[in-house]
Amino acid sequence: MTTAAGTRPRKVTLACLLAGVGALLATLGGISEMADWGSIQQREQLDELLSREPYSRAGLSIDEALELMRISIALICVVGAVTVVLAIWTFRGHRGTRMLLTILAAASGVIFLLLGVAGILAALMAFVTVFYLWSPESRAWFAGRPYAPGSSTSGRGASADPFAVQSYEPPAAPPPPPPPSAPVAPVGPPVAGSGPPPSDRPYGAPVDLPGTAVAGAPLPARPGRTPRAVVVAVIVTSVIQGLVALLCGLTALVYLVTPEAYQQALEAEPMVRQSDALAELDGGVAGLARLIFYMAMAGFVLAAAHVVAALLMLRRSAVARIALTVLSAVTIVVSLLVVLTAPLALLWTAGTAFVLYECYRPDVNAWFRPPR
């Protein structure tokens, strides 16, 4: 058993809300920052920040600081999406995700404290999340045992107060002995035909009584038929992520086969020629082509992992469903970033969100529930 049982404590609900909402706000903030990436206002704010102490000691240029910010925001978005998924699973009572959520919350709290005054509130939320997740009632719920306030020492053999006034009570009188029973008449030899009829079952054979389980008989199984929602989720995932893997794979293959022709095709695009961000890249068009190749490879790996996890779900693998959930959360964040330049990526986002919904319907949860 890796799942808690019983009524969910209020502190578990509050901890999951703090972690999930905080991570979601951080992810949305990172996406909003990427939407205004490279603007004049952003560069001016960054220049002003680099001129202050202690950031001026780093000696970073604006371009180096922008690259560092880009990596940091990408990490924040990915970790935020993973934290939202972990908060949902912890809310459902999964013990392993509670441990992972605790590690992420504690690490985030330490990082927020290093930011100074601006990170005190976020650090406080992170530490409160850890405290609530490991409160006595939360530990009892995740362990699957009832919790009563003030009963923490009930099972430890608390000793009595040696200085308390001891009251004396005389021992109770013993009960009177029972009256003697009447003598039992001797039993004579059995008379022919007076006993029970002979049984047709051999002596010692197991008896099949209604409502009882015979030793060695199989236990009641989970619903054997694959739910329709699982089949739909696998089909939608295979179609959408298969198309993404095909497009990304073709893009990477063209770059590997003819990199010069790929760079010439990029130079012919008016949007690329008129872009101010092209001058910031190392290598110009060649650097842009290389960046697109890396992104295409990452998209191919992500989409292929989606398809593999979806197919493994058909084998009733709970680990595959968790993996598909984490991959879907990362995909939603990435697709929202792509929407800024390609609005058609909203179909990618909507399809991935639909798959998540199908994976957690009640009949699907019952199908994945381990037998007891």
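The set of residues from the range 104-134 being crowded, with 17+ Cβ neighbours inside 10 Å and more than 18 Å from Leu24 (Cα to Cα) comprises Tyr132, Leu133. For the range 287-304, state whether one or more residues are at pLDDT 90 or above and either in a loop (DSSP other than H, G, I, E, B) or closer than 17 Å to Asn365 by Cα (or both). The answer is no; no qualifying residue exists. Applying the criterion of being farther than 21 Å from Leu312 by Cβ, touching a Leu at 6+ places or on another chain (Cβ under 7 Å) and part of a helix (DSSP H, G or I) to the residues of the range 229-281, the residue that is modelled with the lowest pLDDT is Leu278.
The values are calculated or read from the model by the stated rules, or taken from the named source; none is laboratory data. This one's a predicted model, so the numbers in the text were calculated from it and none came from an experiment. Note: ideal-geometry Cβ built from the backbone for every residue, glycine included; neighbour counts use all protein chains shown.
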